Amino acid sequence: MGRKWANIVAKKTAKDANNSRIYAKFGIEIYAAAKSGDPDPHANQKLRFVIERAKTYNVPKHIIDRAIEKAKGSGDEQYSELRYEGFGPNGSMVIVDTLTNNVNRTAADVRAAFGKNGGNMGVSGAVSYMFDNTTIFGFAGDDADELLEYLMDKDIDVRDILDEEGQLIVYGEPEDFNAIQVALKEKGIEEFSVAEIQMIAQNEVTLEGDDLQKFEKMLDVLEDLEDVQQIFHNVDLD
């Protein structure tokens, strides 16, 4: 999973280069999570998860608080979570998770991003069966065996723990996100470089030349769409 971890880091680094856009997207995601349930993150696991993700992207506390306060107050915008799946050049597969208050706009924008860059949108389930939904935590550390034993003592089964460039990367089941987070914090780990539930491709493909250029352009166009929250794919971009 090392290359997959590298791709996640590369994606985060690219996103960090455009903070205002990332902050705006997290503001909407936090608002929607708070609006859909209890605005208290201690009582709303979904909201707590989004806030934890936001922290790894250095989203300022005042943006998080403002989104929650908006949800508590008079905000009446309704957002829908939609997933689009499709194909890029030469066997590449893409999953696009969106959060939108205008389904028609989002569907048209995502379809255009695929169609104008060598890809095409598929039906629901067209590619997601080739990905594994996975909890991922990354943090500074170097003793994977000790951490595995610690989590096993907490009755938490993990898929893998890797040492990647001074970071311990924990891969677990999606339903264990909260349990792993609590266990790590009980161990004194408070800062995470990654705290995500990601769709990780079971197999990666390598693109070259024009195919690679088209694929990267497609990713850029999708990332720029205001309704797109996350993108997953099976291309090795190392």
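Bear in mind these aren't lab numbers, they're just calculated from the coordinates by the rules spelled out. Everything quoted here is computed from the prediction, not taken from an experiment. Cβ sites come from the backbone with ideal geometry, for glycine too, and all protein chains shown count toward neighbours.
The residues packed around Asn102, meaning those with a beta-carbon under 12 Å from its beta-carbon, carry a net charge of -3 if Lys and Arg are +1 and Asp and Glu are -1.
Out of region 109-216, which trypsin sites (Lys or Arg not before Pro) are coil in DSSP terms and have no more than 16 other C-beta atoms within 10 Å?
Numbers: sites: Arg111, Lys116, Lys154, Arg159, Lys185, Lys187, Lys214; in loops: Lys116, Lys154, Lys187.
Sites meeting the loop and neighbour criteria: Lys116, Lys154, Lys187.
Stretched out fully, how many nm does the piece from Glu81 to Glu175 gain, at 0.36 nm a residue minus the Cα gap? Please list the in-between numbers first.
Working: separation 94, 0.36 × 94 = 33.84 nm, distance 1.86 nm.
Extra length available between Glu81 and Glu175 comes to 32.0 nm.
Dipole of the chain computed with +1 at Lys/Arg Cβ and -1 at Asp/Glu Cβ about the Cα centre; of Leu207, Ala126, Gly188, farthest Cα towards the positive end is Ala126. In order along region 215-229, phi translates into HN-Hα couplings of 5, 5, 5, 4, 4, 4, 5, 5, 4, 6, 6, 5, 8, 7, 9 Hz, rounded to whole numbers, per the Karplus curve 6.51 cos²θ - 1.76 cosθ + 1.60 with θ = phi - 60° and x for Gly and Pro. The fewest-to-most ranking of Met199, Met130 by surrounding Cβ atoms within 10 Å reads Met130, Met199. The phi-based Karplus calculation (6.51 cos²θ - 1.76 cosθ + 1.60; θ = phi - 60°) puts the 3J(HN,Hα) values of region 31-42 at 4, 5, 5, 5, 6, 7, x, 6, x, 8, x, 5 Hz, whole numbers, x for Gly and Pro.
Here is the list for region 18-104: GluC sites (Glu not before Pro) lying in DSSP coil, each with at most 11 other C-beta atoms within 10 angstrom of its C-beta, are Glu77.
Within 10 Å of each residue's Cβ, count the other Cβ atoms and sort His233, His62 from fewest upward. Display every interim value, and only then the final one.
Values: His233 25, His62 8.
Result, fewest neighbours first: His62, His233.
In order along region 94-102, the phi-based Karplus estimate (6.51 cos²θ - 1.76 cosθ + 1.60, θ = phi - 60°) of 3J(HN,Hα) comes to 9, 10, 10, 9, 10, 9, 9, 10, 8 Hz; Gly and Pro are listed as x.
Rounded to the nearest 20, the Cβ-based charge dipole of the chain about its Cα centre (Lys and Arg +1, Asp and Glu -1) stands at 1220 debye.
Going by how many other Cβ atoms sit within 10 Å of their own, how do Phe137, Phe232, Phe87 line up, fewest first?
Details: Phe137 25, Phe232 22, Phe87 17.
Taking fewest neighbouring Cβ atoms as first place, the list is Phe87, Phe232, Phe137.
The sum of -39500 (n - 2.57) across all DSSP H runs of n ≥ 4, divided by the residue count of the chain, sets its helix-only mean residue ellipticity at 222 nm to -14000 deg cm²/dmol.
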